[in-house]
Amino acid sequence: MRELIAILFAAAHRPLFLAGVLNFAFLMIWWTATLFDIYIWPIGLVSGDVPRSLLHAPVMLFLMVPSFFFGFLLTVFPRWIGYPDLGRRQYAPIGSAFIIASALAWIALIGADHQLLAIALCLAATGWLIALWHMILLLITEKRDAKGPTWHGWSAFAALCFGLAGLGFSVIFLLTLDAQAYQIANSLGTFVFLLPIFFTVAHRMIPFFAGNVVQDYVVWRPNWLLALLWFFLIAHLLAQLVGDDLFQFVSALALTLLTATMLWHWWPRQQAPGLFMVLIWGFAWAPIGFALIAFGSFAEFAGYDVHLGRAPVHALYIGMAGSLVIAMVTRVTLGHSGRPLAMNLTAWLAFCAIQLSAIARIIAGIRGEHGHWFVLAALVWVLLVTPWTLRQAHIYLTRRADGKAG
């Protein structure tokens, strides 16, 4: 056991990615069973004071996704700024917090115990705060040493602060059942946490990866683009919170054009390996999702009888975020375990499953949030993504293939 723990905590990404991939499987198995129980056939799942359908967003936004974010950022954040990697004493409490929080969350979801789920999120928040502390120390050190500023670092830090606020509102909702707190938590978690993190990492890493694997690639990642993304994401958040359909349309249209421009500049003009192309194909969901949001907002403003339900945001949640998690986590895991940088069978199956799941979820929204399509979207995810999660988990619990440390 001691050796297994030593292997798990040999690098910052290992415990956090392990928590992330296990949630990628277990949370979706729970969600699939929940959807089946609601829309297909009652199977006797426990129900609590909070409808199970409302427990889905908090655990996905503030437990599953942050595990991947911190696993990646605690690895690359010091390198972005030009400082040594974090030590085990710095990252081990963070990874431990998310692993224990995940286990508590699984118990809470099975037992429909919203108070225990609130405790799990609070434990994750503890790890979150520790991570933010180490990140701000690096940013302060950079300023003290008259270096930088590293805008990608500040952008990621700001998004994580917003995300922690969203987690706080989720805890308030779980303890008080305040519907407004639930809405604020989801809005913060989507537009000033999840999306800015993905856009910041993509802005930094996609051109970098492309420059290494695509011949004659022209790197394009202007800082003004990052600033504009933040401006319109915040504008869209505020428009959504006050219920202004016109400004939601304007901001979503601007984000459609910005992300489409990014996609056009980043798309390789020469042959590129599959491990890079999955990043591009995954990011292609961004302009699709924002275009759907813009269309839905315009329809609401103009009074047209068009309803897309939650299809637009799930194009971003499942299509873009799910695809980029598969692509980025696969790349980091292979590179940091001494394995060849190439998509394997389980990674391809998982990536294709995310595309099918996103399409099914969009169809569900267009068809009035049709439950059978919900179940199909979740079932495809569980059946085809779980093999990938098990392979990833095995890697985090075994030594590097090349015998090196880490």
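The table below lists the values:
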{"read-out": "For the chain, size of Cβ-based charge dipole, Lys and Arg +1, Asp and Glu -1, in debye", "value": "1400 debye"}
{"read-out": "Helix-derived mean residue ellipticity, 222 nm - over the chain, DSSP H n ≥ 4, -39500 (n - 2.57), to 500", "value": "-25000 deg cm²/dmol"}
{"read-out": "C-alpha center-to-center spacing [the range 319-353, the range 165-211] in angstrom", "value": "22 Å"}
{"read-out": "Listed residues I318, I110, I99, most fluctuating in the chain (Gaussian network, C-alpha, under 10 Å)", "value": "I110"}
{"read-out": "Relative contact order %, the range 9-130, counting alpha carbon pairs below 8 Å whose residues are six or more apart", "value": "37 percent"}
{"read-out": "Rounded, prolate or oblate (a/c below 1.5 giving rounded, otherwise prolate when a/b exceeds b/c) for the chain by Cα gyration tensor", "value": "rounded"}
{"read-out": "Residue among L384, L241, L167 with the largest mean-square fluctuation in a Gaussian network model of the chain, springs linking Cα atoms under 10 Å", "value": "L241"}
{"read-out": "Under the span-like rule (Cα at least 30 Å along the axis, Kyte-Doolittle mean at least -0.5), DSSP H helices of the chain", "value": "13-39, 88-110, 114-144, 151-176, 245-266, 345-366, 371-396"}
{"read-out": "Modelled label reach - R339, point 7 Å along Cα→Cβ, the range 202-220 residues with backbone N closer than 19 Å", "value": "none"}
{"read-out": "Cα-centred dipole magnitude for the range 329-402, charges only on beta-carbon of K, R (+1) and D, E (-1), debye, nearest 20", "value": "200 debye"}
{"read-out": "Length added when fully stretched, W151-L257, from 0.36 nm per residue minus Cα-Cα", "value": "36.0 nm"}
{"read-out": "Global form of the range 112-270, assessed from the alpha-carbon gyration tensor, a/c cut-off 1.5", "value": "oblate"}
{"read-out": "Tensor-based shape of the range 49-186 (alpha-carbon gyration tensor, a/c under 1.5 rounded, otherwise prolate or oblate)", "value": "prolate"}
{"read-out": "Between the range 281-310 and the range 79-99, the alpha-carbon center distance in angstrom", "value": "38 Å"}
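Any read-out appearing in this document is the output of simple, stated calculations on the displayed coordinates, not a laboratory observation. Quantities reported herein were computed from a predicted structural model and do not represent experimental measurements. Here the Cβ is made from the backbone with ideal geometry for all residues, glycine too, and neighbour counts use every protein chain on show.
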